[in-house]
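Visitor: A single structure is presented below for examination.
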Amino acid sequence: MELYLVGGAVRDDLLGRPVTERDWVVVGATPDDLLAHDFRPVGKDFPVFLHPDTHEEYALARTERKTAPGYHGFSVYAAPDVTLEEDLLRRDLTINAMARDREGRLIDPYRGARDLETRWLRHVSPAFAEDPVRILRVARFSARYAPWGFRVAPETLDLMRRMVADGEVDHLVAERVWAETVRALGEPQPTSFLETLRDCGALARIFPELDRLFGVPQSPAHHPEIDTGRHILLALNQAVRLHADVVTRFAVLVHDLGKGTTPPEEWPRHLGHEERGADLVRSLGQRLRVPNMYRELGALTARYHTHCHRALELRPKTLLNTMQGLDALRKPQRFEQFLIACEADARGRLERADRDYLQATLMRQVRTAAASVQARPLVEQGLTGLALADALRQKRLAAIAQVRLTFNASRDAHIDLSSDRPGEKS
């Protein structure tokens, strides 16, 4: 049997990028051949094995035939007579359809190296259209490689549009949509994921809540970019710039979903978009089976981001209620993620990318002040029940009021007061 290094390891090595995992194709072998060498089978839909020492994946060369719509509608043929070229032909992009033999020689039947040099994401064959997941993968690769000048080949984008028109994306399962989305959010330029999906029409079918934000106007006084969809892209870029983790980037992505349901006659104002947005985040999360940590931070950010933007003018009572709504005292890490998401939102506007966001500084101080007031001394005074809760609240309000007074007295005259006002919220 013959072994070939394939896929991402070959691609990234040619690009001079770190190779994080190595996958192999085995030509001229049967499952029994690999089992005889102590390989462990792991593939459910086709024969894939783990090497007994390196634990790298070894897949038998295979071909596929479309039998039904969607991701699972394939029959797989894996046998010793399947050639390497036939195996590579079934792959999605030319840059992923290269191999190296055991001597390190490049095998490139579909000119992937050329597309690497000219920075094209191009499909290998018309069989690309048989698997709707490939639309998501191309969008994700765009998010990864766009900073290096890669773009989707026109003929590939046309094919993706035909797939959308033919209803292929409607057969995508929630788990695969989320898996590709969360990986794309972690890439260097996640906005390219959204833009690619929108260019081919898939965003409207997969993420209608996001797609309908494009074309929705906001107040130019607070959003010079005006278009809500464009604001989301700008804010997501800022989240990357702020080194936000993937959970926080998701919160930035969904923080303004409520603006997509504002009646046009109320534009450019978006009263009540926070509550509507939180509900939409929950329903989106349920539909795509989004993990709870993403869902919760996304919904909280949608609900409370305007409170954070207005922190410099809020009363102590409202600040404490916001802390309680965010469960900030018990979950400081999530609270910090929320603040980063709000900062990305505030900076994700034309000509405001470098403005200070003092609201986050104040919110951190408010949380510290509230957390410093403990119940134990009050319990030792004999307080219980409602009397204890009321005394604890009053002391926290006093601590917050003192922080707010000190903060306002010391802040510089150039404080960014461009945050949203009631009726014209972010």
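Visitor: Quick one: which of ARG376, ARG404, ARG396 is surrounded by fewer than 16 Cβ atoms within 10 Å (Cβ to Cβ) and of a type in the set (Lys, Arg)? Don't jump to the end; show me each part of the working.
Guide: Working: ARG404 fails: surrounded by fewer than 16 Cβ atoms within 10 Å (Cβ to Cβ); ARG396 fails: surrounded by fewer than 16 Cβ atoms within 10 Å (Cβ to Cβ).
Only one candidate qualifies: ARG376.
Visitor: On the basis of being modelled with pLDDT of 95 or more, aliphatic (A, V, I, L, M) and under 22 Å from SER219 (Cβ atoms), does ALA346 make the cut?
Guide: Answer is yes for this residue.
Visitor: Any idea which residue in region 21-38 is surrounded by the fewest Cβ atoms within 10 Å (Cβ to Cβ), counting only those that are assigned to a loop (DSSP other than H, G, I, E, B) and under 32 Å from the mean Cα position of the chain (by Cα)?
Guide: GLU21
Visitor: Checking the conditions here, which among PRO18, PRO52, PRO41 is within 31 Å of the chain's Cα centre (by Cα) and exposed (fewer than 13 other Cβ atoms within 10 Å of the Cβ)? Spell out the reasoning first.
Guide: Numbers: PRO52 fails: within 31 Å of the chain's Cα centre (by Cα); PRO41 fails: within 31 Å of the chain's Cα centre (by Cα).
Criteria check complete, one pass: PRO18.
Visitor: Looking at (1) in the same structural domain as ILE340 (by TED's automatic domain parsing); (2) in a helix (DSSP H, G or I), can you tell me which one ALA244 breaks?
Guide: (2)
Visitor: Name the residue that is farthest from the chain's Cα centre (by Cα), counting only residues in region 325-352 that are within 13 Å of HIS231 (Cα to Cα) and exposed (fewer than 14 other Cβ atoms within 10 Å of the Cβ).
Guide: The extreme case among them is GLU351.
Visitor: Just checking, does region 75-92 include any residue being modelled with pLDDT of 95 or more, of a type outside the set (Gly, Ala, Ser), assigned to a strand (DSSP E or B) and touching a strand residue (DSSP E or B) at 6+ places or on another chain (Cβ under 8 Å)?
Guide: No: region 75-92 contains no residue that is modelled with pLDDT of 95 or more, of a type outside the set (Gly, Ala, Ser), assigned to a strand (DSSP E or B) and touching a strand residue (DSSP E or B) at 6+ places or on another chain (Cβ under 8 Å).
Visitor: Another one. Being surrounded by fewer than 19 Cβ atoms within 10 Å (Cβ to Cβ) and within 30 Å of ARG249 (Cα to Cα) is the requirement here; does ARG161 meet it?
Guide: It is true that ARG161 is surrounded by fewer than 19 Cβ atoms within 10 Å (Cβ to Cβ) and within 30 Å of ARG249 (Cα to Cα).
Visitor: Suppose the filter is within 18 Å of ALA399 (Cα to Cα) and crowded, with 21+ Cβ neighbours inside 10 Å; does ALA299 pass it?
Guide: no
Visitor: If you check VAL246, VAL252, which single one turns out to be buried (at least 21 other Cβ atoms within 10 Å of the Cβ), in contact (Cβ under 8 Å) with a residue 24 or more places away in the chain and β-branched (Val, Ile, Thr)?
Guide: On the way: VAL246 fails: buried (at least 21 other Cβ atoms within 10 Å of the Cβ).
Checking each option against the conditions leaves just VAL252.
Visitor: So which of ALA409, ALA371 ends up being modelled with pLDDT of 95 or more and in a helix (DSSP H, G or I)?
Guide: Values: ALA409 fails: modelled with pLDDT of 95 or more.
Going through ALA409, ALA371 in turn, the sole match is ALA371.
Visitor: If the Cβ limit is 7 Å and pairs must be 6+ apart or interchain, which residue in region 48-75 that is outside the structural domain of ASP92 (by TED's automatic domain parsing) and closer than 18 Å to ALA97 by Cβ pairs with which residue that is assigned to a loop (DSSP other than H, G, I, E, B) and at pLDDT below 75?
Guide: Pairs found: none.
Visitor: Suppose we filter LEU136, LEU159, LEU185 for residues that are modelled with pLDDT of 95 or more and in contact with an Asp or Glu (Cβ under 8 Å, 6 or more places away or on another chain); which single one remains?
Guide: LEU136
Visitor: Go through (1) in a helix (DSSP H, G or I); (2) touching a strand residue (DSSP E or B) at 6+ places or on another chain (Cβ under 8 Å); (3) under 16 Å from ALA79 (Cα atoms) and name the single condition LEU3 misses.
Guide: Evaluating LEU3 over (1) in a helix (DSSP H, G or I); (2) touching a strand residue (DSSP E or B) at 6+ places or on another chain (Cβ under 8 Å); (3) under 16 Å from ALA79 (Cα atoms) leaves (1) as the failure.
Visitor: Still on this model: Answer yes or no as to whether VAL173 is hydrophobic (A, V, I, L, M, F, W, C), closer than 13 Å to PRO132 by Cα and surrounded by fewer than 18 Cβ atoms within 10 Å (Cβ to Cβ).
Guide: When the stated conditions are applied, VAL173 passes them.
Visitor: Looking only at region 262-282, which residues are part of a helix (DSSP H, G or I) and either free of Cβ contacts under 8 Å to residues at least 40 places away in the same chain or in contact with a Phe, Trp or Tyr (Cβ under 9 Å, 6 or more places away or on another chain) (or both)?
Guide: PRO264, GLU265, GLU266, GLU274, GLU275, ARG276, GLY277, ALA278, ASP279, VAL281, ARG282
Visitor: State which residue is nearest to LEU172 (Cα to Cα) when the search covers only region 190-238 and only residues that are among the small types (Gly, Ala, Ser) and crowded, with 19+ Cβ neighbours inside 10 Å.
Guide: So the residue we want is ALA202.
The values are calculated or read from the model by the stated rules, or taken from the named source; none is laboratory data. Owing to the predicted nature of the structure, the values given are computational and were not obtained by experimental measurement. Cβ atoms come from the backbone with ideal geometry, glycine included; neighbour counts cover every protein chain shown.
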